[in-house]
Amino acid sequence: MSLFEQELYFANLRATRIGMPLNIADTLESTNQFLLELATQKAQEGTLAVAETQTAGRGRQRRLWHSPPGLNLYFSLLLWPDASPLRRPQLAMLTALALRRAILTQDATLAIGLKWPNDLWINGLKISGILCECPPEPLDGRYGIVIGIGLNINSLAEDFPQELHATATSLRIQAGGKLSSRERLLAELSNAFQQLPDKRLKHAQPLTLLPEWNEHDILIEKTIAVQRPNDIVTGMVTGYTPEGLLRLKTQDGVITISAGDAHLKRN
């Protein structure tokens, strides 16, 4: 039986286009996969899928996302933008900004950093990852985009497997043991997401929230290595394009990167 309190979620939901209908399951293989299948049935924009636990939750590069039951949020949101799937870098960044805003409504003291293209970090440790995926075919000329989010909320250190102790954390750990409401956080994310102007979600408009991103970016002017599908490129982050692409100063000049895993180079 799900521990997620729908009544509390809807009591805090002010959004009218995002965050409903709400699908809740005790266990799913993956909330993204669940919504990708619903998208083929023309599920409406704003549909949410939430799981208490996932048996095959995944992040980028097909990595598994650790999903202990009843502690955190594992959920996906379905959008039907009029623009192409190439807008996924922008949507991942917009989602990270909305998620950061939502968390700060619950605890404004947290120093939440943004890591391109899709992560939230606190004190050098990861609290959330975002995965954007598209159904294989458009429907009625529209490309669906499923945005999956894993957010570590109430896990304690012992709830993480040993291999994640050096890289992962939770809001509870960072807040000194204070419990957070999963329902309120999810509602606030829906509220924050709907506040993003429609034109940024519906059309191929430049990302105009770059000043907010840059203020909290943890990679700017850092030397990083970016793992791409066929190679690894190293350079210093100089910023981002209005389309959400990473600008990297390499020994061969400045290049732009649309997707990849970014890792800080250690001295």
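Every number here is computed from the coordinates shown, using simple stated rules; none is lab data. From a predicted model like this one, the values you see are computed outputs, not experimental measurements. With ideal geometry, Cβ positions are generated from the backbone for all residues, glycine too; neighbour counts draw on all protein chains shown.
Using a Gaussian network model of the chain with C-alpha springs under 10 Å, which one of 24, 257, 232 is most mobile by mean-square fluctuation?
Of 24, 257, 232, the Gaussian network model singles out 232 as fluctuating most.
Amide H to amide H, which residues 5 or more places from residue 245 or on other chains are under 5 Å from it, using H placed in the peptide plane?
Under 5 Å from the amide H of residue 245: no residue qualifies.
Quick one: which residues, 5 or more positions from residue 139 or on another chain, have an amide H under 5 Å from its amide H? H modelled 1.01 Å from N in the peptide plane, none for Pro or chain starts.
Amide H to amide H, under 5 Å and 5 or more residues apart or across chains, residue 139 pairs with 144.
Only one of the values (1) 1.05; (2) 0.94; (3) 1.00 was calculated from this structure for Rg/Rh (Cα atoms, Kirkwood Rh); name its label.
(2)
With θ taken as phi - 60° and the coefficients 6.51, -1.76 and 1.60, list the Karplus ³J(HN,Hα) couplings across the stretch 127-139 in order, rounded to whole Hz; mark glycine and proline as x.
Result, rounded to whole Hz: 10, 7, x, 10, 10, 9, 9, 10, x, x, 10, x, 10.
Given 0.36 nm per residue, what is the gain on full extension from residue 6 to residue 181 after removing their alpha carbon distance, in nm?
61.8 nm
As a check on your grasp of the helix formula, calculate [θ] at 222 nm for the chain: sum -39500 (n - 2.57) over DSSP H runs of n ≥ 4, divide by the residue count, round to the nearest 500.
Roughly -7000 deg cm²/dmol at 222 nm, from the helical runs in the chain.
Rounded to whole Å, give me the distance from the Cα center of the stretch 128-157 to that of the stretch 206-240.
Here the answer is 21 Å between Cα centres.
Rank-order 11-17, 87-93 by packing density, defined as the average count of other C-beta atoms within 10 Å over each peptide's residues, highest first.
87-93, 11-17
Between residue 137 and residue 108, how high is the FRET efficiency from 1/(1 + (r/R0)^6) when r is the Cβ-Cβ distance and R₀ = 41 Å? Nearest 0.05.
Step by step, r from the Cβ atoms, then E = 0.45.
Number of Lys-Lys pairs in the chain under 21 Å by Cα, sequence gap 8 or more or different chains?
Lysine pairs, 8 or more places apart or on different chains, close enough: 11.
Can you work out ³J(HN,Hα) from phi for every residue in the stretch 246-254, in order, using Karplus 6.51 cos²θ - 1.76 cosθ + 1.60 and θ = phi - 60°, giving whole Hz and x for Gly and Pro?
7, 9, 10, 8, 9, 5, 9, x, 7
Would you please give the residues with an amide H less than 5 Å from that of residue 23, counting only those at least 5 places away or on a separate chain, with H modeled from the backbone geometry?
When sequence neighbours closer than 5 places are left aside, the close amide H contacts are 48, 49, 50.
Across the stretch 221-237, in residue order, what do the Karplus-derived ³J(HN,Hα) couplings come to in whole Hz, using 6.51 cos²θ - 1.76 cosθ + 1.60 with θ = phi - 60° and x for Gly and Pro?
Here the 3J(HN,Hα) series is 6, 9, 8, 10, 10, 10, 7, 9, x, 10, 6, 10, 10, 10, x, 9, 6 Hz.
By Kyte-Doolittle mean hydropathy of at least -1.0 and Cα axial length of at least 18 Å, which whole DSSP H helices of the chain are selected?
Taking the DSSP H segments of the chain (at least 18 Å long, mean hydropathy at least -1.0), we get 88-106, 182-195.
Step by step: find N for the stretch 108-156, compute 2.2 N^0.38 Å, then divide the Cα radius of gyration by it. What's the final number?
Dividing the Cα Rg of the stretch 108-156 by 2.2 N^0.38 Å gives 1.55.
Averaging sequence separations of C-alpha pairs under 8 Å and six or more residues apart, then dividing by the length of the stretch 98-251, give the relative contact order as a whole percent.
Once normalised by length, the contact order is 19 percent.
Starting from 0.36 nm per residue, how many nanometres of slack lie between residue 56 and residue 243 once their C-alpha separation is accounted for?
My answer for the length gained is 64.2 nm.
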